[in-house]
1. Restricting attention to segment 37-56, and to residues there that are among the polar types (S, T, N, Q) and open to solvent by 40 Å² or more (accessible area, probe 1.4 Å), which single residue is farthest from the chain's Cα centre (by Cα)?
2. Enumerate the strands (runs of 3 or more DSSP E) found wholly within segment 57-127, keeping only those where 2 or more residues are within 12 Å of the chain's Cα centre (by Cα) and under 29 Å from residue 18 (Cα atoms).
3. Is one or more of the residues making up segment 63-72 over 20 Å from residue 101 (Cβ atoms) and open to solvent by less than 50 Å² (accessible area, probe 1.4 Å)?
4. Can you tell me which condition residue 95 does not meet? The list is (1) modelled with pLDDT of 95 or more; (2) farther than 25 Å from residue 110 by Cα; (3) open to solvent by 80 Å² or more (accessible area, probe 1.4 Å), and all the others hold.
Amino acid sequence: VVCDELQVAGTFDRTMQVAASPGVDYVGDIKTGNSDADGVLAFVNSMTVQLAVYAHSSMYDPMTGERTPLGVDQSTAIVIHLPQGTGRCELYWLNIGAGWDAALLADQARKWQYRRDLAVPFTAVTQ
C-alpha cells in the first residue's frame, strides 16, 4: 500500500472483520514480538502509528501506478500478537485514530528537519 499524503509505503498482513461489526473492515497485522515487563504488547506506540498509516493508504499496482482505496476503518485496527515461544495468540484493538495524529506530527517533524531558512549569515553594521 502507499500513503501519498505522507509519501510512504508498506505491507500489512490482512484486512479483517469481526462478528460484532458486520460489514466493517479493519487493518489486521501479525506481530511476533514479546510482551513488555508489564505483560503488555511491546512497541504498541509504533504499531499504532504503523497501522494508522496503512489504514490511510491505498492499494498500489506498481505496474500501472493505479491506487485503490482500502475502505477500512480509520479509527481502530487489530493486532494479532503471537508472543515468541509461548504458544499463545492474543488479539488487541489499537486506537489508530490517535496513531494517525502521531503520524501527522512525525511527518511535520521530518519536514521541519529539512528547513533551510532558519539561519542567515551575520553581517556587522559599521558606522
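1. Just the residues of segment 37-56 that are among the polar types (S, T, N, Q), to begin with: 45-46, 48, 50.
If we keep only those that are open to solvent by 40 Å² or more (accessible area, probe 1.4 Å) too, we end up with 45-46, 50.
Numbers: 45: 9, 46: 7, 50: 2 Å.
Here the residue is 45.
2. On the way: elements: 58-60, 67-69, 76-81, 90-95.
Those strands (runs of 3 or more DSSP E) span 76-81, 90-95.
3. Just the residues of segment 63-72 that are over 20 Å from residue 101 (Cβ atoms), to begin with: 63-69, 71.
If we keep only those that are open to solvent by less than 50 Å² (accessible area, probe 1.4 Å) as well, we get 65.
Looking for residues that are over 20 Å from residue 101 (Cβ atoms) and open to solvent by less than 50 Å² (accessible area, probe 1.4 Å), one finds at least one in segment 63-72, hence yes.
4. Unmet condition: (2).
The values are calculated or read from the model by the stated rules, or taken from the named source; none is laboratory data. Since the model is a prediction, treat every value here as computed from it, not as a measurement. Cβ atoms come from the backbone with ideal geometry, glycine included; neighbour counts cover every protein chain shown. Note: accessible area is taken over every heavy atom of the protein model, side chains too, but ligands, DNA and RNA are not part of it. Shrake-Rupley method; radii C 1.70, N 1.55, O 1.52, S 1.80 Å.
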